[in-house]
Each structure stands twice: as structure tokens, then as C-alpha cells.
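The structure appears right after this line, and notes come after that.
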Amino acid sequence: MTSAYRSSSQVIESIINCLNISSDPTTFIQGAFPEILEKTKEDFFSNTIIILGECADIIHERIKDIPCITCPQKPEGSMFVMVKLNLSLLEDIDDDVELCMKLSKEESVIVLTGVAVGMKNWPRVTFAIDRPSLEDGLGRIKAFYLRQMLRRNKDFISDQFNAC
């Protein structure tokens, strides 16, 4: 077996192993949860709802400044939003998986691929983070898009120049 094949099979095996991980809380946490909720003060929940509402407003408005993604509806009652990807505005990106990989590599921004939740080319962006981190992440996504746009326009201008 070649090392390239072995590496590929190890990556595939690792991915399959991750699929078997449950995001459910452990049994003792499930047992403690009713008491935790009962003892948590109401202002915690009220403040959390206010913060999530503010972050929903921020993400909905800031995404309007990033032409390669569209937020068709302002999020209500969630901590994430699915955004539609416009691949025609991006250079050398064929799908949401490639976008997410490049975003993580180039901007250290992690978004979930739409493919992971059955919605190809609809990445999932969370806004359940503090406001400064959300604004920073959205700024990085915009910077990524602007670099893509510059590369695309540079190639277009170069092609037009070479055609003359």
C-alpha cells in the first residue's frame, strides 16, 4: 500500500469516526439539567435572548455587504443562519466545501458546510458568539470575498488585455 493511499484511507477513517461522535450531553449532565435550569436566574435567559437578537441583527445587516453570500431571511429563534452561496462571484471555488476550507485556511473563520446538513452551497454561519468576535469574523469573510473579487477582476482584465 502506498503512503498516499494510506494517508487517504486514514483521513476517510477519521472522518467516519467523527460521524460516530454524539453531540448529546452525557447522562449525568442530562440528569442535572432540570436542577441547573431551575436554579438559573431569569435575567440570564432574558440577557441571552437580547444578545442573540442583537447578533441576529448584526449578521443579517453585515451579510448584505458580502455579495458572494445572501441571507434570504433574518434569523429568528436560532443561533445560526443558512446563507446562499453565489459561486459565480468567487475565483477557483466550486462549492461550499471548498469555500469553508479556504475560509478556514486563509481567514481562520470556521463555518459549517451546507452539505453537512443536506443543503449544498448553503453554508451555515453561527452568531452564538460575542459581538466583537462576530463582527471580526464577518469582516474576515468580507476580506476573503474582496480578495477573490480582485483575483477574478485581475484575471478578467488580463484576458481582455491579451485579447487586444
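The values are calculated or read from the model by the stated rules, or taken from the named source; none is laboratory data. Just so you know, these numbers come straight off a predicted model, no measurement behind them. Note: areas computed on protein heavy atoms with side chains; ligands, DNA, RNA excluded. Shrake-Rupley method; radii C 1.70, N 1.55, O 1.52, S 1.80 Å.
Some observations on this one:
- Applying Stokes-Einstein at 37 °C and 0.692 mPa s to the Kirkwood radius of the range 49-118, computed over alpha-carbon pairs, gives a translational diffusion coefficient of 250 µm² s⁻¹.
- Cross-link reach is defined here as a Cα-Cα straight distance under 12 Å, omitting same-chain residues fewer than 8 places apart; for Lys102 the aspartates and glutamates meeting it are Glu91, Asp92, Asp94.
- The range 30-164: translational diffusion in µm²/s, Stokes-Einstein, Kirkwood Rh over Cα pairs, 10 °C, 1.306 mPa s: 95 µm²/s
- Across the range 126-135, computed HN-Hα scalar couplings (Karplus, 6.51 cos²θ - 1.76 cosθ + 1.60, θ = phi - 60°) run 8, 10, 8, 9, 5, 3, x, 5, 4, 5 Hz from first to last residue, x flagging Gly and Pro.
- Phe80 accessible area, assembled protein chains, probe 1.4 Å, Å²: 80 Å²
- Residues of type lysines that Lys105 reaches as a straight line, Cα spacing below 16 Å, ignoring anything fewer than 8 places off in the same chain: Lys142
- Residue-by-residue Karplus 3J(HN,Hα) for the range 111-116, coefficients 6.51, -1.76, 1.60, Hz, glycine and proline x: 10, 7, 5, x, 4, 4
- Protein-only accessible surface order, largest first, of Glu76, Glu54, Glu42, Glu98 at 1.4 Å: Glu76, Glu42, Glu54, Glu98
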